[in-house]
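Structure first, commentary second.
Every number here is computed from the coordinates shown, using simple stated rules; none is lab data. Bear in mind that the values here come from a model prediction, so they are computed numbers and not experimental data. Note: ideal-geometry Cβ built from the backbone for every residue, glycine included; neighbour counts use all protein chains shown.
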């Protein structure tokens, strides 16, 4: 996904992406990204929490309008731990 | 080309040769550790201008989503991954979707695809006038290891389709 994002930016399309692993993002170098604390496969948090999903998208819209440095990563404060698989 | 493939190609060929046995045995941790990620020093950047309420948004996910009655699943067996992508309409419903991606647990996304592809939330924001327009068509990938073919074949085609839809901004959710 990082490569697709880089190519889109190079082609003139602004992007905002999400990530949940700061170490991986350090070498992927996404042009503009939000960092969340959610587990793999649930980048916008728990299923069914529409309000939180909406808030994260609002954060993304804000990031688009305020980030000015290539490679900016903004960490979001939301927390949710997925239940252990039954 | 904003992605340097010169070093990647030979390293990737070696990785495939060295990793095939582990890959077939499902020892993903081992082979991910050895994967020759494309390294970059520069960061491509298009300044954002305008306001979201005037713009068209499209989503890209790498959650392996596909329309189960209309589209083939992704190849989840090949060590190269699957270079293809699926077009997902903005009107998609949970019951239309299945997931083909061997490297994450789909159980949560099967409850609510918006956690990897929040198109319903985007459509609500369109209804509220916060984003101008949600594109008719969005894009789903699964996992891809062959980064060279991804950037030389799949992504140019993807960007052509995105441009043809008049998309102004991309929201991208990896898994």
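What whole-number volume per residue, in cubic angstrom, does the convex hull of the C-alpha atoms of segment B:1-45 give?
About 86 Å³ per residue, rounded to a whole number.
Once the cut-off is 24 Å, how many percent of the Cα-Cα pairs in the protein assembly as shown end up in the long-distance tail?
46 percent
Between B:23, B:104, B:48, find the one with the highest GNM mean-square fluctuation for chain B; connect C-alpha pairs within less than 10 Å.
B:48
Between B:96, B:42, B:22, find the one with the highest GNM mean-square fluctuation for chain B; connect C-alpha pairs within less than 10 Å.
B:42
Partner chain Cβ atoms within 10 Å, averaged over the residues of B:123-130 - can you pull that number for me?
2
Residue by residue through B:114-121, how many Cβ atoms from other chains fall within 10 Å of the Cβ on average?
What the average comes to for B:114-121 is 6.
When you look at the Cβ of every residue in B:102-108, what mean number of other chain Cβ atoms sits within 10 Å?
4
In square nanometres, what is one fourth of the surface area of the convex hull spanned by the alpha carbons of segment A:2-75?
Averaged projected area of segment A:2-75's Cα convex hull equals 5.0 nm².
Does segment B:1-118 classify as rounded, prolate or oblate by the C-alpha gyration tensor (a ≥ b ≥ c root eigenvalues; a/c under 1.5 gives rounded; else a/b over b/c gives prolate, otherwise oblate)?
Judged from the Cα gyration tensor, segment B:1-118 comes out oblate (a/c at least 1.5, b/c at or above a/b).
What is the packing order of peptides A:1-11, A:31-41, taking the mean over residues of other C-beta atoms within 10 Å and listing the highest first?
A:1-11, A:31-41
Angle, helix B:8-24 long axis vs. longest principal axis of chain B, Cα atoms, 0 to 90°, nearest 10?
Helix B:8-24 and the main axis of chain B meet at about 80 degrees.
For chain B, what does the helix formula give at 222 nm: sum of -39500 (n - 2.57) over DSSP H segments with n ≥ 4, over the residue count, nearest 500 deg cm²/dmol?
That calculation yields -8000 deg cm²/dmol at 222 nm.
What angle, in degrees between 0 and 90 and rounded to the nearest 10, separates the Cα long axis of helix A:50-66 from the longest principal axis of the Cα atoms of chain A?
20 degrees
Using the reciprocal of the averaged 1/r over all distinct C-alpha pairs, how large is the Kirkwood radius of segment B:68-175 in Å?
For segment B:68-175, the Kirkwood estimate is 15.1 Å.
In degrees from 0 to 90, rounded to the nearest 10, what is the angle of the helix B:155-164 Cα long axis to the longest principal axis of chain B?
10 degrees
Arrange the peptides B:29-35, A:55-61, B:122-128 so that the one whose residues have, on average, the most other Cβ atoms within 10 Å appears first.
A:55-61, B:122-128, B:29-35
Rounded to the nearest 5, what % of the DSSP beta bridges within segment B:44-175 are antiparallel ones?
Here the share of antiparallel DSSP bridges comes out near 45 percent.
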